[in-house]
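Here is the structure we will look at.
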Amino acid sequence: MPLPPVLSRLPLPIIGSPLFIISNPKLVIAQCTAGVVGSMPALNARPAEQLDEWLAEITEALAAHDRAHPDRPAAPFAINQIVHKSNDRLEHDMAVCAKYKVPIVITSLGARTDVNDAVHAWGGVVLHDIINDTFAHKAIDKGADGLIAVAAGAGGHAGVKSPFALIQEIRRWFDGPVALSGAIATGDAVLAAQAMGADFAYIGSAFIATDEARAVDGYKQMIVDSSSDDIVYSNLFTGVHGNYLKGSIRAAGLDPDALPESDPSAMNFGGGARKAWKDIWGCGQGIGAVDRVVPAAELVARLRREYEAARARLGLATA
């Protein structure tokens, strides 16, 4: 199956993942103008009315870039919608996305036909994130156009499946767009994701350590100073298992090696989750590749160089 037009002309096969609290228009614009899909959660705009202002800012900035640089147009942007029942803003935020005809909507924590139908009505594409093959089937059955396979080692609400297992199971029956998430922070890993059968790499944690990211300096520096040994997998903070930086857990007065289990019924993506993610810092296992805080464009440039070098090592033509 050919990729949807909005995803078929990316300069680099990379989607920047939506980072709760951290992604903002400045980061999204920097990602898109550097040649990768930039994204942010709708819930990052607070109060809700701010989402309209942010989408106006993004669309106007990308249009201005395209006018100034017709030879290298910006990549499209995406908005993440949490479709779990605890998100009481979904209807409002979807209406704002419809107003701006958001080209890509990333849905999380539940697959809903009505949401997919709404996005298709304005000409958008839906990518749904999943952690196993069962959820992948449900997402496509309910009308998602593509999948984001969230494998072991990903930042935030990560799964436990090996990326090899997850991608091979999905590709046995689905030939549409697939992005792979899970400890990807180098251009070599981007090419590896494609070699496994994914169309795109889905990169989040590396973008936290960028100038444009709305993260405190301590968070960014902890990513620079940490490695995969400093990541803890726990469901304590939101009711859903995720990966977090040990240092932030210790700073909150908890023992990262002896965290209790949380009841999944505690899942909440309103104020409670926002407070947890403000104090406890989510991060994936790929951060050993991040050695300093840089502008987003510089990170993308590094990924591009590494990607092309990896292709050259394998005797592949320049992408």
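Readers should treat all values here as calculations from the given coordinates under stated rules, not as data from a laboratory. What you see is a predicted model, and the numbers here were worked out from it, not measured in a lab. Note that we place each Cβ from the backbone using ideal geometry, even for glycine, and neighbour counts take in every protein chain shown.
Things worth noting here:
- Segment GLN221-ARG250, extension gain: residue separation times 0.36 nm, minus the distance between their alpha carbons: 8.9 nm
- Beta bridges by DSSP in the chain, antiparallel share as percent, to the nearest 5: 15 percent
- Look at where the Cα atoms of segment 123-191 and of segment 1-41 average out, and the two centres are 16 Å apart.
- Counting neighbouring Cβ atoms within 10 Å and putting the fewest first, the residues LYS101, LYS246 line up as LYS101, LYS246.
- Vicinal HN-Hα couplings computed from phi for segment 167-183 (Karplus, 6.51 cos²θ - 1.76 cosθ + 1.60; Hz; Gly/Pro x): 5, 5, 5, 5, 6, 5, 9, 10, 10, x, x, 9, 10, 10, 10, x, 6
- Too-long pairs where the Cα-Cα distance tops 32 Å, listed order kept, from LYS85/LYS246; LYS161/LYS278; LYS26/LYS138; LYS138/LYS220; LYS138/LYS246; LYS99/LYS161: LYS26/LYS138; LYS138/LYS220; LYS138/LYS246; LYS99/LYS161
- For segment 60-150, the ratio of Cα radius of gyration to the globular rule of thumb 2.2 N^0.38 Å stands at 1.18.
- Compared with the alpha-carbon gap, the fully stretched path from ALA56 to ALA317 is longer by 90.1 nm at 0.36 nm per residue.
- Contact order relative to length of the chain, as percent, for alpha carbon pairs under 8 angstrom and 6 or more apart: 18 percent
- Counted by Cβ distance under 13 Å from PRO295, the other residues give a net charge of +1, where Lys and Arg count +1 and Asp and Glu count -1.
- Across segment 286-303, coupling constants 3J(HN,Hα) worked out from phi with the 6.51/-1.76/1.60 Karplus curve, θ = phi - 60°, read x, 6, x, 7, 9, 10, 6, 8, 9, x, 4, 5, 5, 4, 4, 4, 4, 4 Hz, and Gly and Pro carry x.
- Neighbour counts of other Cβ atoms within 10 Å put TYR219, TYR233 in the fewest-to-most order TYR233, TYR219.
- By other beta-carbon atoms within 10 Å, ranking ARG304, ARG72 with the fewest at the front produces ARG72, ARG304.
- Remark: segment 219-236, residue by residue, has Karplus-estimated 3J(HN,Hα) of 5, 4, 5, 5, 5, 4, 7, 9, 9, 4, 5, 9, 10, 10, 9, 8, 10, 4 Hz, where x stands for each Gly or Pro and the curve is 6.51 cos²θ - 1.76 cosθ + 1.60 at θ = phi - 60°.
- Prolate/oblate/rounded label for the chain (Cα gyration tensor, a/c 1.5): rounded
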